[in-house]
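Handing you a structure now.
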Amino acid sequence: MVLLNDFARTKGEGRIDLRPQSLEDEINGATKHWFDLLWNGVYKCGFATSQKAYDEAAAGVLTGLEEMNNSLGETPFLVGGVLTEVDVKAFSWVVRHDHAYSVIFKSPGGRIAQYKNIASWVKRLVELYPDLEEFDLPDACGSYFRQLFMLNFGRVVPYMPTMREFISGL
């Protein structure tokens, strides 16, 4: 993502700068923060080999969801009040949570719809960037069920809503 953004910057083709140089330190810090709590946290839940390891990872996911919800109640985006790569990464995590991470990895936190500010942020992103509505949620979530045979021996893929259905449920 950094390389693509840097390429667009140097060629002058980028209408959106997802990594403004003035926010790079803040973006790096936010990326590490959300990675540790949420983005990697769900994998720690799913691949935990002890109850203690699961409980620690689950606590991090719950903390991360509350922090993200609170943060998005104060600002429209996760870093610097503008759309950045952190929002793009978080978006792909958030929309997978209900139908992949919470099911196959036993990620806690309930449904994203329970987090009013996160749900509003998803809707806002889709309003601003309508192409996000074309995100193939059934494939993005279904791949976890098809490929992680050690967590889903029968490779049974449950019903997955389309992106439009997911958004309408928020």
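The values are calculated or read from the model by the stated rules, or taken from the named source; none is laboratory data. Note that the structure is predicted; figures quoted are calculated from it, not measured. Methodologically, a virtual Cβ is constructed for each residue, glycine included, from the backbone with ideal geometry; neighbour enumeration extends over all protein chains shown. What goes into the accessible areas is simple: the full protein's heavy atoms, side chains included, and nothing from ligands, DNA or RNA. Shrake-Rupley method; radii C 1.70, N 1.55, O 1.52, S 1.80 Å.
Evaluate the charge dipole of segment 1-150 about its Cα centre and quote only its size in Debye, nearest 20, assuming +1 on the Cβ of each Lys and Arg and -1 on the Cβ of each Asp and Glu. Display every interim value, and only then the final one.
Numbers: 15 positive and 21 negative charges, 77 e Å.
Its charge dipole is roughly 380 debye.
Using amide H atoms built in the peptide plane, which far-off residues or other-chain residues are under 5 Å from Val79 H to H?
Those lying under 5 Å, H to H, from Val79 are Thr84.
Taking the solvent-accessible surface of protein heavy atoms with a 1.4 Å probe, what is the per residue accessible area of the chain in Å²? Numbers along the way, then the final one.
Numbers: 9110 Å² over 170 residues.
The answer is 54 Å² per residue.
Which log10 I(q)/I(0) values does the chain give at q = 0.12, 0.17, 0.20 Å⁻¹ under the Debye formula, counting every alpha carbon as one identical point scatterer?
Here the Debye-derived log intensity ratios amount to -0.58, -1.11, -1.40.
Can you give me the angle between helix 85-96 and the longest principal axis of the chain, using Cα atoms only, in degrees from 0 to 90, rounded to the nearest 10?
Approximately 30 degrees, to the nearest ten.
Further question on the same structure: Along the charge dipole of the chain, which of Ile104, Val126, Val82 sits closest to the positive end, that is, farthest toward it, with unit charges on the beta carbon of Lys, Arg, Asp and Glu (+1, +1, -1, -1)?
Ile104
Rounded to a whole number, what % of the accessible area of the chain do carbon and sulfur atoms account for, probe 1.4 Å?
Details: 5040 of 9110 Å².
Carbon-and-sulfur percentage of accessible area, whole number: 55.
With runs of 4+ DSSP H residues as the only contributors, calculate the mean residue ellipticity of the chain at 222 nm using -39,500 (n - 2.57) per run, divided by the residue total and rounded to the nearest 500. Walk me through the intermediate numbers first.
Numbers: 8 runs with 93 residues, N = 170.
Value at 222 nm, helices only, nearest 500: -17000 deg cm²/dmol.
Turning to a different aspect of this structure: Just to confirm the number: angle between the C-alpha axis of helix 116-128 and the first principal axis of the chain, 0 to 90 degrees, nearest 10?
With both axes taken from Cα atoms, the answer is about 50 degrees.
What lysines sit close enough to Lys52 to cross-link, taking a C-alpha to C-alpha distance under 19 Å and skipping anything fewer than 8 places away on the same chain?
Partners found: Lys44, Lys106.
Compute the acute angle (0 to 90°) between the alpha-carbon long axis of helix 2-11 and the principal axis of greatest extent of the alpha-carbon atoms of the chain; round to the nearest 10°.
Tilt of helix 2-11: around 20 degrees.
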